[in-house]
Amino acid sequence: MGVLGDARKAVKMGRNLLANRRARGELSQRLAKLPPLQPGKYKIAVYFADGEVNMYQIRQWYKPLAELARTWPVVVLSRGATAATRLFEESPLPVAYVRTVASLEQTLAEQDIRIVFYVNQNTKNFQMFRYGQRWHVFINHGESDKMYMTTNQFKAYDYSFVAGDAALARLEKVLWDYDFDKRAIKIGRPQADHYSGVLPYTPDERTVVLYAPTWEGDRRSAAYGSIASHGVALVRALLATGKHRVIYRPHPRSGVVEHTYGAANREIISMIAAANASDPAAGHVHDTGSELGWQLASADVAIVDISAMVYDRLASGKPLMITRPVDPEAKIDLGGYLSACEWLDADEAPNIVRHTDRLLHDPDAVGRLAEWVERYFGDTTPGAATARFHAAVQQLMDRWDYFAELHSPDEEQQISAPQVSVAATRAVQSDVPPGGTGEDDDEV
């Protein structure tokens, strides 16, 4: 197994290298046609050192940051070729490809960056931390009760934007001697203010139910997927009423490990197609789109597995149920919302209609949900989280002004960038940068 594993790693690394070189070729052509960034324009940078595989981490910030950019110009600093290629194609924000430390320094020298946002804990973040006279702020890429949310790496940043009281309680257990009052700022979930999009159906009196299961997982401890255990039965029951509309959004990896899981997924898709053929006005949806937002906003009730979808939906403040894993070895963290959520057991899946009605009309269920939403995200009134996000940025900008004035007599201490031409900084560097000043993470 060791030799086979090494061979697979070598093949994967080779593919990554080829993909990276192709991406650099595309970038070279693209950058040659683009004008340089306007000097001194950008006040905020989003530092993204990952490759295309982790683009989901920055995508969820597109809309909140695009709105913020109306007040404070924002630029994305991309260190990886494959990610930069994709960012140039889809990002609503300007992008700078800063593959090497030299090009990163040059961009910083040309811009007035006062706040740097980080959406993950990539090891290359450390290369950016060397630059003082600006705030380094961790904004993360989601809210959950996973161990990732309690890493001691929070201490590496000047500040962290967190969702709410649940995040603070989670962090207080593990971050010793950390000034939460000063360095952790609650902003809620600004992304929830952008849960929108064009509906693929015409709204009517039907109750809309979103069923968004995850995949089956590659080990028993992470066997959270419910398509085979719950999905077929609950979708069949909802389709049969004529009073419900189903939005089915399965994880794209559903069925890659277990044949039975994939077969159940295909059965649900076939049932939806047959129901729509029988009654075109029903408007059931098999959703495979890349954009997530309208599904969470339009569904009256959501049924999700243990995944990030739990917290994406919770941020909307609307009813949800979580499928209870049938594998007894599946790990469930009962320290937060999952300790008091609305569980759906597999044997209750055929009775889903009764459960959805209860969630919509039972005062106790509605009240419990409201308490947990408040604990995790604070005020979820449309626009409230965006207002807190913008206020937090303004607070840091004000602090920057204060310290800039306080230290104005000081001799400038920040690292100077090499004096190279703007054209050179926009060009794609050679495959082997001198001194190893920051190759793409895509390569390893």
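The values are calculated or read from the model by the stated rules, or taken from the named source; none is laboratory data. Quantities reported herein were computed from a predicted structural model and do not represent experimental measurements. Note that we place each Cβ from the backbone using ideal geometry, even for glycine, and neighbour counts take in every protein chain shown. Side chains are part of the model used for accessible areas, which takes the heavy atoms of the whole protein and leaves out ligands, DNA and RNA. Shrake-Rupley method; radii C 1.70, N 1.55, O 1.52, S 1.80 Å.
Residues that are assigned to a loop (DSSP other than H, G, I, E, B), touching a residue at least 40 places away in the same chain (Cβ under 8 Å) and open to solvent by 10 Å² or more (accessible area, probe 1.4 Å) within the range 218-250 comprise 223, 224, 225, 242, 249, listed in sequence order. Working only within the range 204-217, note down all residues that are farther than 16 Å from residue 286 by Cα and open to solvent by 40 Å² or more (accessible area, probe 1.4 Å). Selection gives 204, 205.
Residue 289 fulfils the conditions (1) outside any loop (DSSP other than H, G, I, E, B); (2) within 27 Å of residue 223 (Cβ to Cβ); (3) open to solvent by 20 Å² or more (accessible area, probe 1.4 Å) except for a single criterion, (1). Count of the range 110-123 residues, restricted to those that are farther than 27 Å from residue 387 by Cβ and at pLDDT 95 or above, is 1. Of everything in the range 273-283 that is out of contact with any Leu (no Cβ under 7 Å at 6 or more places or on another chain) and open to solvent by less than 30 Å² (accessible area, probe 1.4 Å), the residue that is farthest from residue 62 (Cα to Cα) is 282. In the range 315-325, how many residues are touching an Asp or Glu at 6+ places or on another chain (Cβ under 8 Å) and either aromatic (Phe, Trp, Tyr) or under 14 Å from residue 195 (Cβ atoms) (or both)? The number of residues fulfilling the criteria is 3. Of all residues in the range 162-194, exactly one satisfies the criterion of being open to solvent by 30 Å² or more (accessible area, probe 1.4 Å), in contact (Cβ under 8 Å) with a residue 24 or more places away in the chain and in contact with a Phe, Trp or Tyr (Cβ under 7 Å, 6 or more places away or on another chain), namely 183.
If I ask for residues that are at pLDDT 90 or above and among the basic types (Lys, Arg), which ones from the range 135-158 would you list? Answer for the range 135-158, where residues must be at pLDDT 90 or above and among the basic types (Lys, Arg): just 155.
Screening residue 264 with (1) closer than 15 Å to residue 240 by Cα; (2) buried (at least 17 other Cβ atoms within 10 Å of the Cβ) gives one miss only, at (1).
Selection of first residues in the range 28-52 that are on the phi > 0 side of the Ramachandran plot and of second residues that are part of a loop (DSSP other than H, G, I, E, B) and buried (at least 21 other Cβ atoms within 10 Å of the Cβ), restricted to Cβ pairs under 7 Å at least 6 apart or on distinct chains, gives the following pairs, ordered by first then second residue: 40/111. Apart from one condition, residue 269 fits all of (1) in contact with a Leu (Cβ under 6 Å, 6 or more places away or on another chain); (2) part of a helix (DSSP H, G or I); the exception is (1).
Against the numbered list (1) part of a helix (DSSP H, G or I); (2) of a type in the set (A, V, I, L, M, F, W, C); (3) within 30 Å of residue 139 (Cβ to Cβ), residue 185 comes up short only at (1).
Taken over the range 345-383, the criterion of being closer than 14 Å to residue 190 by Cβ and surrounded by fewer than 17 Cβ atoms within 10 Å (Cβ to Cβ) is satisfied by 379, 381, 382, 383. On inspection, residue 159 passes the criterion of being closer than 30 Å to residue 384 by Cβ and surrounded by 20 or more Cβ atoms within 10 Å (Cβ to Cβ).
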